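Worksheet: one structure, shown below.
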Amino acid sequence: IGIGSIPDASLAALMDKNDLGFHSGMIAAGVRDLVKNGNMNGRQKAIDTGKHVTGVALGDIEFIDWAGNDVDISFRPVSYTHDTSVLRQIDNFVSINSAVEIDLFGQVNSEMLAGRQISGTGGAVDMMRGAALSRGGKSIVALNATAGGGRYSRIVAMLTPGNATTALRTDVDYIVTEFGARRIRHLSLLDRAEALIEISAPQFRDQLREVWRKRFFRLI
């Protein structure tokens with residue numbers, strides 16, 4: 001998981017699951033809730049069995065004390081937590097990250113807004129690639145379809161000029177918004193664009209299709 005309200009909500013939605021395992025660059029309070037509730041025990045992990053592997057704890061002092069004293073939490077360096085040769089050994093490994101915007105090619109910007117750096121690249125791409133190598137693994141980019149109270153679409157025809165590309169289109173697997181989920185890996189250029197438009201906010205779909213149509217015909 002990454003940082004933010006969507007990863008937190010994803011953890012909260014797992015309270016009816018069992019025998020979950022955890023391996024991430026960061027551990028947050030939502031993980032503690034799953035551990036204490038018995039949902040997360042790491043018993044099914046092929047490596048680090050029974051351990052919750054992480055690199056950084058983020059939360060209040062009570063949470064930090066818990067993370068530092070729980071013998072089942074294993075703090076490891078980034079050279080281990082983000083190493084794809086390690087991640088590929090974890091069967092059914094799922095990475096969940098968010099984004100600022102995604103264009104119709106499937107390129108992800110998760111660190112810049114209007115050309116201004118608001119976050120770092122983090123380990124999102126490492127986790128995406130690790131999930132792709134894992135047997136049964138999948139990577140998910142989840143985001144709200146709009147920003148600014150619905151004024152702006154976060155699925156865009158092209159990344160905003162001046163913003164960097166955090167994840168290549170070849171690294172992206174599943175995209176999820178409140179309007180649906182689509183797997184875009186292996187889709188053709190046109191099918192990928194249509195899949196992303198289908199999970200964009202309804203008020204922006206016609207506009208996205210029109211811009212894409214004009215742009216695509218220039219490409220061919």
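The values are calculated or read from the model by the stated rules, or taken from the named source; none is laboratory data. Predicted model, so just to flag it, every value in this text is computed and none were measured. With ideal geometry, Cβ positions are generated from the backbone for all residues, glycine too; neighbour counts draw on all protein chains shown. We work out accessible area using only protein heavy atoms, side chains counted, and drop any ligands, DNA or RNA first. Shrake-Rupley method; radii C 1.70, N 1.55, O 1.52, S 1.80 Å.
Below, the figures for the structure above:
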item: Selection count where residues are of a type in the set (A, V, I, L, M) and under 18 Å from Val156 (Cβ atoms), scope region 98-144; result: 12
item: Sole exception among (1) open to solvent by 30 Å² or more (accessible area, probe 1.4 Å); (2) within 23 Å of Ser10 (Cα to Cα); (3) without any contact (Cβ under 8 Å) to a residue 60 or more places away in the chain; (4) part of a loop (DSSP other than H, G, I, E, B) for Asn144, by number; result: (3)
item: Some residue of region 22-38 being in contact (Cβ under 8 Å) with a residue 24 or more places away in the chain, more than 24 Å from Asp83 (Cβ to Cβ) and not in a helix (DSSP H, G or I); result: no
item: Condition met for Ile96 (modelled with pLDDT of 95 or more, among the β-branched types (Val, Ile, Thr) and assigned to a strand (DSSP E or B)); result: no
item: Breaking point among (1) under 27 Å from Pro7 (Cβ atoms); (2) surrounded by fewer than 20 Cβ atoms within 10 Å (Cβ to Cβ); (3) out of contact with any helix residue (DSSP H, G or I) (no Cβ under 6 Å at 6 or more places or on another chain), for Arg205; result: (3)
item: Residue match in region 112-134 (condition: crowded, with 21+ Cβ neighbours inside 10 Å and assigned to a loop (DSSP other than H, G, I, E, B)); result: yes
item: Residue tally, condition in contact (Cβ under 8 Å) with a residue 24 or more places away in the chain, under 24 Å from Ala46 (Cβ atoms) and in a helix (DSSP H, G or I), over region 1-21; result: 2
item: All positions within region 194-220 that are among the aliphatic types (A, V, I, L, M), modelled with pLDDT under 95 and in a helix (DSSP H, G or I); result: Val211, Leu219
item: Test: residue in region 149-164 that is over 13 Å from the mean Cα position of the chain (by Cα) and touching a residue at least 60 places away in the same chain (Cβ under 8 Å); result: yes
